[in-house]
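Data block below; observations after.
The values are calculated or read from the model by the stated rules, or taken from the named source; none is laboratory data. Just so it is clear, the structure is predicted and the values come from calculations on it, not from any experiment. Glycine also receives a Cβ, built like all others from the backbone with ideal geometry; neighbour counts cover every protein chain displayed.
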Amino acid sequence: MQSLPKSIIISGTGRNVGKTTLSCRLIGKYKEERPLGIKISPHKHPIGEGDIVICKNVNYIILQETQLNTGKDSSRMLVAGAEKVFFVMAEDKYLIDAMNVLEGIIDFSSRMIIESAALRRYVKPEKFILVYNNENPSSKPKNMDLEELVDLRLRYDGNSYILDEIKVQFS
């Protein structure tokens, strides 16, 4: 498993649970380190005007975001202060191939804020954060295997993040 020592991977239990808001806040926190933003989605989206196509094939698409005003998650990361932002569209089975291409373009030892669930199966980040809200308190069934890898669970109430209670069991 590849180590990404200065990366934080953010996953969520669903849509609109605060993943990108947290990503942007972390990018702002690490602004002096000139962080890279990476948004990963298993779904294909249209290529926007101004997006730089890094790689496009039948298995995955890698774009570099250049626009500050689109409202897209990747644009929000750029506005938050990321040095560069990449949007990777790849099904889980092609994610490693796409990341290998990206590794040829960026330094994986850089500070990276990555929004993805599936990537955690293949890399070891500095931290793996799971964000949820009251409407989506638990992971999607396809991501239940990632629960044991979570370093930090945060509940987002629309304004702030609340650290999950730490539960300790003694035998």
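For this structure, a couple of remarks:
- Residues located in the range 48-80, provided they are part of a loop (DSSP other than H, G, I, E, B) and more than 19 Å from Asp97 (Cβ to Cβ): Gly48, Glu49, Gly50, Asp51, Thr66, Gln67, Leu68, Asn69, Thr70, Gly71, Lys72
- Residues considered: Ile113, Ile105. Of these, the only one that is closer than 12 Å to Ile9 by Cα, modelled with pLDDT of 90 or more, surrounded by 12 or more Cβ atoms within 10 Å (Cβ to Cβ) and not hydroxyl-bearing (Ser, Thr, Tyr) is Ile113.
- Members of the range 120-135 found to be out of contact with any Phe, Trp or Tyr (no Cβ under 8 Å at 6 or more places or on another chain), crowded, with 19+ Cβ neighbours inside 10 Å and more than 25 Å from Glu32 (Cβ to Cβ), listed by number: Leu130
- Residues of the range 79-102 that turn out to be buried (at least 22 other Cβ atoms within 10 Å of the Cβ) and over 15 Å from the mean Cα position of the chain (by Cα), as a count: 0
- Restricting the range 42-56 to residues that are in contact with a helix residue (DSSP H, G or I) (Cβ under 9 Å, 6 or more places away or on another chain) and modelled with pLDDT of 95 or more, the residue that is nearest to Asn69 (Cα to Cα): Ile54
- Residues of the range 57-78 classified as at pLDDT below 95 and over 16 Å from the mean Cα position of the chain (by Cα), total: 6
- Count of the range 81-92 residues which are at pLDDT 95 or above and part of a helix (DSSP H, G or I): 0
- Tallying residues that are surrounded by fewer than 24 Cβ atoms within 10 Å (Cβ to Cβ) and either within 17 Å of Ser75 (Cβ to Cβ) or of a type in the set (D, E, K, R) (or both) within the range 19-30 yields 8.
- Filter result for Glu33 (farther than 18 Å from Tyr132 by Cα, loosely packed, with under 15 Cβ neighbours inside 10 Å and either in contact with a strand residue (DSSP E or B) (Cβ under 8 Å, 6 or more places away or on another chain) or not hydroxyl-bearing (Ser, Thr, Tyr) (or both)): yes
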